[in-house]
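To start, the structure under review is shown below, and the notes come after it.
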Amino acid sequence: MSNHQLNIEELARQFHEEGYLLLKGVLSADKVARLNQAVDGILAEEPESLSYNIYNSVERHEEIASLIDEPAVLPLIVRL
């Protein structure tokens, strides 16, 4: 887990103005690799397509579900 400190109020303002956030360096490289593997696994279960709309990914893989209460971003999610 990262010791990254987030400026919650500034990020909330940015999110409401721009509609998205990029949170670089918040998740560890290991966590990002595990999430990428989870997404790859979910996509492997889908019919081949030029684009994918993946529904219920939280239910489909525990690694993605673990983002719900990820300590590095939970205060920001609660604020938003």
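Quick notes on this one:
- In percent, rounded to a whole number, the relative contact order of the chain is 42, using alpha-carbon pairs under 8 Å and six or more apart.
- The chain: angle of helix 8-18 to the longest principal axis, Cα-based, in degrees nearest 10: 60 degrees
- In terms of its Cα atoms, region 1-73 spans 41, 28, 18 Å along the principal axes, sorted from long to short.
- Packing order of peptides 61-73, 9-21, 43-55, highest average first: 61-73, 9-21, 43-55 (average count of other Cβ atoms within 10 Å over each peptide's residues).
- The chain: angle of helix 29-44 to the longest principal axis, Cα-based, in degrees nearest 10: 40 degrees
- Rolling a 1.4 Å probe over the protein heavy atoms of the chain, with every protein chain left in place, gives an accessible area that is 52 percent carbon and sulfur.
The values are calculated or read from the model by the stated rules, or taken from the named source; none is laboratory data. Fair warning: this is a prediction, and the values are worked out from it, not measured in the lab. Note that each Cβ is placed from the backbone with ideal geometry, even for glycine, and that neighbours are counted across all protein chains shown. Just the protein is used for accessible areas: all its heavy atoms, side chains included, with ligands, DNA and RNA removed. Shrake-Rupley method; radii C 1.70, N 1.55, O 1.52, S 1.80 Å.
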